[in-house]
Amino acid sequence: PLLAGALNNLAQAHRAQGRYDQALLLMQQSVGIKEEAMSPNHPSLATGLSNLAAIWEQGYKDLEKALDLRERALEMTRESLGDSHPQVATHMNNLAVTHTKRGDYEAAMRLYQEGLAIDEKVYGHQHPQVATDLNNLATFHFHVGQWQLSRQLYERALSIRTAVLGEDHVKTCATQRNLNLVLQSLELDEEEGGGA
């Protein structure tokens with residue numbers, strides 16, 4: 001398992017640098033080792049599958065392969081940790097991203113909302129992970145043109161991040177930038193006579 005972890009980290013570094021062929025090879029090796037050494041539903045194996053999905057999704061634009069891997073990761077995590085574990089929420093968010101890219105907005109929204117509900121139950125309403133979930137859900141609503149709802153969700157995320165992380169934290173600043181984009185979109189929409 002130590003080798004699998006090292007291969008995973010190296011694959012992630014290659015993915016971050018856009019070297020997807022190397023990332024894919026290393027991540028496949030990491031997952032292969034985990035499949036041999038761990039139980040079939042081990043959370044680390046599920047995370048490896050999700051990381052492999054990210055490579056297929058980002059590097060090769062193979063959303064069907066990514067979807068299959070992310071669905072497997074979510075199911076494995078549910079079976080090993082139960083339906084209300086924070087790692088289940090993380091895999092729901094990852095799967096929601098893939099559904100959004102595929103244009104399956106109904107499935108994406110359901111997964112984002114379920115993940116948020118899990119994290120709120122586990123962490124409470126003022127936790128950084130809840131702010132991340134709200135930010136992701138706000139980004140989804142912005143993507144589909146629901147700017148008022150997006151604004152409300154970004155404002156909630158910003159409030160949490162400012163209170164918990166501080167106003168100069170990178171995540172707080174990112175949420176503020178996202179909120180500013182929504183406010184600009186709303187302003188332009190009003191100028192053009194629309195009503196998102």
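The values are calculated or read from the model by the stated rules, or taken from the named source; none is laboratory data. Just so it is clear, the structure is predicted and the values come from calculations on it, not from any experiment. Here the Cβ positions follow ideal geometry from the backbone for every residue, glycine too, while neighbour counts run over all protein chains shown. Surface accessibility is based on the protein's heavy atoms, side chains included, excluding ligands, DNA and RNA. Shrake-Rupley method; radii C 1.70, N 1.55, O 1.52, S 1.80 Å.
Structure values in brief
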read-out	value
Filter result (surrounded by 22 or more Cβ atoms within 10 Å (Cβ to Cβ) and closer than 27 Å to Leu188 by Cα) within region 111-132	Ala131
Matching residues, region 65-82, being closer than 23 Å to Lys101 by Cα and of a type in the set (A, V, I, L, M, F, W, C)	Ala66, Leu67, Leu69, Ala73, Leu74, Met76
Filtered residues of region 150-196 (kept if hydroxyl-bearing (Ser, Thr, Tyr), closer than 22 Å to Glu120 by Cα and open to solvent by less than 30 Å² (accessible area, probe 1.4 Å))	Ser150, Tyr154, Thr172, Thr175
Any helices (runs of 4 or more DSSP H) falling wholly within region 111-196 and containing at least 3 residues that are among the acidic types (Asp, Glu)	170-191
Residue check, Lys65 open to solvent by 20 Å² or more (accessible area, probe 1.4 Å), charged (D, E, K, R) and without any contact (Cβ under 8 Å) to a residue 12 or more places away in the chain	no
Condition check for Ala108: at pLDDT 95 or above and buried (at least 22 other Cβ atoms within 10 Å of the Cβ)	yes
Boolean, Ser84 is part of a loop (DSSP other than H, G, I, E, B), within 23 Å of Gln129 (Cα to Cα) and either of a type in the set (Gly, Ala, Ser) or open to solvent by less than 50 Å² (accessible area, probe 1.4 Å) (or both)	yes
Members of region 70-81 found to be buried (at least 18 other Cβ atoms within 10 Å of the Cβ) and within 14 Å of the chain's Cα centre (by Cα), listed by number	Arg70, Ala73, Leu74
Check on Thr139, among the β-branched types (Val, Ile, Thr) and within 15 Å of the chain's Cα centre (by Cα)	yes
Selection within region 33-87 - more than 20 Å from Ala6 (Cβ to Cβ) and acidic (Asp, Glu)	Glu57, Asp62, Glu64, Asp68, Glu71, Glu75, Glu79, Asp83
